[in-house]
Amino acid sequence: MSHFEYVSVAIALMNALAIGRLLAGLSSSLAADKQYWVHTTWISTLLLIAVMSWWAMWALNEVAWTPIRFLWALSIPALLYVRASVLLGHSGDEPDSYYEHFYAKRPLFFSLGLVTAAFIALTPWVQGIFPWLEIAPIHISAATVASISLLGLLFRSPTVHAVLAVLAFIGAASGFIVIRVVV
């Protein structure tokens, strides 16, 4: 087996954990008495991102793997899992209202989004795919994640968060279509 095959298995497992966490929380987030559509939209968005992250892994098949590059590649699905955990709360400890839960966890959720954006932006350089400071197409995704996360962190308005959730979902769905065609 090549290094890439070992690395891709670890990343697939981390993505599977994130997807499992999101799917496990989806049913309770759809309960009529607790539902908040913005929260459910974020769950759906993170599901799309997890699938897209796994699919995008193929772009790293020619990387000369080192322990640092492996940990870096593992960081994005790990951050996705942590964001899912923040969004959903602890297993078995369901909130009474996902509206209140979302706004209580909003600062941490969107702060982790900013960290994720930084990792996404640095990935092509750390992985040696592009020379340092050369702009890659993935930087558009990083800028989008950073912008949405910053706005989500700065504003508490339900209207702003409704717009951000829809934009994030559209961005993830568009990215999924593009990555499916390109990679």
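The values are calculated or read from the model by the stated rules, or taken from the named source; none is laboratory data. Fair warning: this is a prediction, and the values are worked out from it, not measured in the lab. Glycine also receives a Cβ, built like all others from the backbone with ideal geometry; neighbour counts cover every protein chain displayed. The area values use the complete protein model at the heavy-atom level, side chains included, leaving out ligands, DNA and RNA. Shrake-Rupley method; radii C 1.70, N 1.55, O 1.52, S 1.80 Å.
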task: Please determine, by comparing only the residues of the stretch 92-110 that are open to solvent by less than 60 Å² (accessible area, probe 1.4 Å) and part of a helix (DSSP H, G or I), which one is nearest to residue 146 (Cα to Cα).
output: 110
task: For residue 117, state whether it is of a type outside the set (Phe, Trp, Tyr), part of a helix (DSSP H, G or I) and under 21 Å from residue 19 (Cα atoms).
output: yes
- prompt: What are the pairs, 6+ residues apart or on separate chains, where a residue within the stretch 131-158 that is among the polar types (S, T, N, Q) has its Cβ under 9 Å from a residue that is at pLDDT below 80 and surrounded by 16 or more Cβ atoms within 10 Å (Cβ to Cβ)?
  reply: 141/175; 144/175
task: Just name the residue that is nearest to residue 165 (Cα to Cα) out of those in the stretch 29-79 that are more than 11 Å from the chain's Cα centre (by Cα) and among the small types (Gly, Ala, Ser).
output: 29
query: If you check 89, 25, which single one turns out to be on the phi > 0 side of the Ramachandran plot, surrounded by 16 or more Cβ atoms within 10 Å (Cβ to Cβ) and not hydroxyl-bearing (Ser, Thr, Tyr)?
result: 89
Odd one out for residue 124 among (1) out of contact with any Phe, Trp or Tyr (no Cβ under 6 Å at 6 or more places or on another chain); (2) assigned to a helix (DSSP H, G or I); (3) open to solvent by less than 50 Å² (accessible area, probe 1.4 Å); (4) of a type outside the set (A, V, I, L, M): (1)
message: Out of everything in the stretch 41-55 that is open to solvent by 30 Å² or more (accessible area, probe 1.4 Å) and touching a residue at least 60 places away in the same chain (Cβ under 8 Å), what residue ends up being farthest from residue 127 (Cα to Cα)?
response: 44
- prompt: Just for the stretch 57-69: of the residues that are open to solvent by 30 Å² or more (accessible area, probe 1.4 Å) and closer than 21 Å to residue 174 by Cβ, which one is modelled with the highest pLDDT?
  reply: 58
- request: Kindly indicate which of 38, 7 is of a type outside the set (D, E, K, R), in a helix (DSSP H, G or I), open to solvent by less than 30 Å² (accessible area, probe 1.4 Å) and farther than 24 Å from residue 101 by Cβ.
  value: 7
